[in-house]
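Below is one structure, written out as structure tokens, with a few remarks after it.
The values are calculated or read from the model by the stated rules, or taken from the named source; none is laboratory data. The shown structure was predicted, so the numbers you read here are calculated from the model rather than taken from an experiment. Cβ: placed from backbone, ideal geometry, glycine included. Neighbour counts: every protein chain shown.
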Amino acid sequence: MKYVIYPVALALLAAVPFVASDYALGLLIGMVTYVTLASAWAMFSGPTHYVSLATVAFYGAGAYVVAMLNEVMAYPMILLITAGVGAAMALVVGLSTLRLAGVYFVIFSFGLAELIRQLITWYEINIYGTLGRYIFVDITARGIYWQMLALAAITIGLTAYINRSRLGLALRVIGDDEVVAAHSGIPLARMKLMAFVLSATILTLAGAIASPRWVYVEPAIVFNPTVSFLTVIMALFGGANRLWGPALGAIPLFLAFEYLSAHFPDVYPIFLGALFIGVVFLFPNGVLAGIEGLRRGKKEETA
Amino acid sequence: MSLLTIDKATKKFGGLTAVDGVSFSLEQGEILGLLGPNGSGKTTLINLISGALPMTSGDTRLNGVSLAGKRADQIAHAGVARTFQLVRILPSLSLMENVMITAVFGAKSHWGQAAKDTAMTALGRVGLADRATASAGSLTYIDQKRLELARALAAEPEVLLLDEWLAGLNPTELAQGIALIRELSQSGLTILMVEHIMEAVRALCPRVVVMNSGSLIADEATQSALNDPCVIAAYLGDSADA
């Protein structure tokens with residue numbers, strides 16, 4: 001049954017641009033982008049509980065690879081290079097930081113985005129000469145939507161595959177207790193690194209695919225820390241430990257943020273903060289788990 | 001050749017020498033008690049053997065292969081399994097998954113049905129088979145201890161390290177626990193057990209090694225060790241009632 005429903009649903013989603021307005025298509029692209037980001041973030045951070053605020057470091061780096069290369073080579077080639085850059089960055093970062101535990105990893109990952117922003121700013125000013133680049137790629141909004149949809153599907157499919165693999169089991173054990181994991185024969189560094197690199201590569205690709213929408217980029221625009229925070233809160237809202245949790249968290253929250261930032265631009269950050277607090281207090285394991293808990297509670301009452 | 005040899009194992013924490021040149025060995029199928037007063041370095045020694053802590057100097061050899069400098073996962077892979085003094089279970093995983101991980105990531109690298117079968121066998125040996133799908137977070141203390149032992153068994157280890165596995169059990173559970181360990185021993189498993197409960201040591205271990213302040217002070221038959229004046233002085237104190 002699953003093997004029929006998913007392709008059909010994907011085909012329907014892919015057909016939406018033929019009936020949607022330009023505005024609606026823009027919304028869809030944003031929505032699918034955050035579905036991808038939240039799902040890719042949860043691929044590593046969900047089971048391991050290593051909360052990463054480095055999402056925008058990879059996402060922004062992806063956009064910058066396109067900005068730097070879009071005049072010198074073909075787009076598919078750029079995407080390949082982007083994936084390589086993302087994986088290489090994640091490998092270096094992972095090797096140096098995955099020994100950090102808990103809050104130290106959170107702070108480091110947050111600092112990483114800032115570090116990369118400053119490095120690129122320095123490079124642009126001192127070597128390239130001007131701060132700011134243009135992205136002119138011959139791609140329509142529909143093209144971006146289809147690519148992002150494909151990336152989202154790949155991300156969720158890959159997560160489903162990992163969940164059933166040794167890697168998935170290892171990551172969940174690591175999330176519960178690293179000492180037990182090591183003593184059960186799980187090579188901690190290798191497993192964490194594999195998941196981190198996979199997740200970061202997807203985040204970087206998402207940045208590259210979304211980048212033509214910007215047209216003009218500079219580090220302050222691209223490396224906006226709000227992207228990292230939104231990604232975390234969406235994944236947690238839906239449930240970072242569930243296959244569909246991050247996607248189900250990303251869709252309503254993205255629409256809510258769009259509405260709020262359009263209609264209440266001044267007080268919008270207050271909503272964001274309140275939502276953060278609300279999610280952590282009310283749904284520490286995500287809305288999906290919360291609903292399941294309620295259901296189970298009711299069943300037990302009636303039983 | 002001995003199955004497991006501890007050769008001048010030493011661990012220093014800054015100026016404190018927690019384990020000081022300890023050497024002994026275990027034969028295939030032997031069950032050996034590791035005794036000593038609190039703070040004498042027993043758990044640290046277990047941590048050195050399992051790779052939880054790196055040795056400052058010295059070596060452990062399993063079947064003649066050196067384990068010094070290896071990580072915990074490599075040592076687990078080589079065939080050493082353990083339980084923890086403060087029981088460590090994985091609360092968000094089911095009992096089956098808790099136990100399966102050592103079958104999956106241990107020496108035999110089982111996967112799929114083979115891993116599940118190994119886990120079920122191990123759960124059956126400790127009497128938890130009927131609750132395989134329950135969540136580990138909901139277990140009582142004794143069942144958590146059983147679960148931890150099952151996890152160690154599912155690794156199909158060559159050597160099992162038990163760190164006060166019998167502590168905190170009531171008399172009925174203790175009798176069950178002793179019977180269970182005896183059964184494991186009789187099945188040919190080599191066991192090194194840290195234990196404070198003399199009743200269990202007498203019942204299970206023909207031979208003991210005794211530590212005090214990081215050093216080995218006795219390595220002999222259990223009965224003579226417990227009558228050894230220096231063991232009594234170090235471990236049992238003046239009012240020896242054991």
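Given the options B:Ala18, B:Ala52, name the one that is closer than 19 Å to B:Ala78 by Cβ and either out of contact with any Asp or Glu (no Cβ under 9 Å at 6 or more places or on another chain) or not β-branched (Val, Ile, Thr) (or both). Steps first, answer last, please.
Working: B:Ala18 fails: closer than 19 Å to B:Ala78 by Cβ.
Checking each option against the conditions leaves just B:Ala52.
Restricting to strands (runs of 3 or more DSSP E) lying wholly in the stretch B:170-239: which have 1 or more residues that are touching a Leu at 6+ places or on another chain (Cβ under 9 Å), of a type in the set (Ser, Thr, Tyr) and farther than 18 Å from B:Lys145 by Cβ? Step through it out loud before you land on a result.
On the way: elements: B:190-194, B:207-212, B:215-221.
Ranges flagged: B:190-194.
When B:Asp59 is tested against (1) in contact with an Asp or Glu (Cβ under 7 Å, 6 or more places away or on another chain); (2) more than 10 Å from every other protein chain (Cβ to nearest Cβ); (3) surrounded by fewer than 18 Cβ atoms within 10 Å (Cβ to Cβ); (4) not in a strand (DSSP E or B), just one condition goes unmet, and that condition is (4).
Take the residues in the stretch B:104-114 that are part of a helix (DSSP H, G or I) and more than 9 Å from every other protein chain (Cβ to nearest Cβ), then tell me which one is farthest from the chain's Cα centre (by Cα).
At the first step, the residues of the stretch B:104-114 found to be part of a helix (DSSP H, G or I) are B:104-105, B:113-114.
Then drop every residue that is not more than 9 Å from every other protein chain (Cβ to nearest Cβ), which leaves B:113-114.
Values: B:Gln113: 28, B:Ala114: 25 Å.
Here the residue is B:Gln113.
For every residue, the table says whether it meets (1) within 22 Å of A:Arg190 (Cβ to Cβ); (2) of a type in the set (S, T, N, Q); (3) not assigned by TED's automatic domain parsing to the domain that holds B:Thr17.
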site	(1), (2), (3)
B:Ser57	no, yes, no
B:Leu62	no, no, no
B:Val65	yes, no, no
B:Phe84	no, no, yes
B:Arg88	yes, no, yes
B:Leu93	yes, no, yes
B:Val99	no, no, yes
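When the stretch B:21-56 is limited to residues that are within 14 Å of chain A (Cβ to nearest Cβ) and of a type outside the set (A, V, I, L, M), the one that is farthest from B:Val159 (Cα to Cα) turns out to be B:Pro54. In the set A:Gly132, A:Gly143, A:Gly111, A:Gly157, only one residue is touching a strand residue (DSSP E or B) at 6+ places or on another chain (Cβ under 8 Å) and away from every other protein chain (no Cβ under 14 Å); that residue is A:Gly132. If we scan the stretch A:88-102, do we find a residue that is polar (S, T, N, Q) and without any contact (Cβ under 8 Å) to a residue 60 or more places away in the chain? Yes, there is a match, as at least one residue in the stretch A:88-102 is polar (S, T, N, Q) and without any contact (Cβ under 8 Å) to a residue 60 or more places away in the chain. Filtered by the rule that a residue be outside any helix (DSSP H, G or I) and not aliphatic (A, V, I, L, M), the stretch A:83-114 gives A:Arg99, A:Gly102.
When you check A:Ala220 against the structure, is it under 16 Å from A:Leu37 (Cβ atoms), away from chain B (no Cβ under 14 Å), in contact (Cβ under 8 Å) with a residue 60 or more places away in the chain and assigned to a helix (DSSP H, G or I), yes or no?
Numbers: under 16 Å from A:Leu37 (Cβ atoms): no; away from chain B (no Cβ under 14 Å): yes; in contact (Cβ under 8 Å) with a residue 60 or more places away in the chain: yes; assigned to a helix (DSSP H, G or I): yes.
No: the conditions fail for A:Ala220.
Per the listing A:Ala141, A:Ala74, A:Ala150, A:Ala113, the residue uniquely within 18 Å of A:Leu205 (Cα to Cα), of a type in the set (A, V, I, L, M, F, W, C) and at pLDDT 95 or above is A:Ala150. Report, by residue number, each residue of the stretch B:188-240 that is loosely packed, with under 14 Cβ neighbours inside 10 Å, on the phi < 0 side of the Ramachandran plot and at pLDDT below 90. B:Asn227, B:Pro229, B:Cys230, B:Ala233, B:Asp238, B:Ser239, B:Ala240, listed by residue number. Selection of the stretch A:235-277 for residues being under 30 Å from A:Leu169 (Cα atoms) and among the small types (Gly, Ala, Ser) yields A:Ala235, A:Gly238, A:Gly239, A:Ala240, A:Gly245, A:Ala247, A:Gly249, A:Ala250. What number of residues within the stretch B:62-95 are more than 18 Å from the chain's Cα centre (by Cα), of a type in the set (S, T, N, Q) and within 13 Å of another protein chain (Cβ to nearest Cβ)? Total meeting the criteria: 2.
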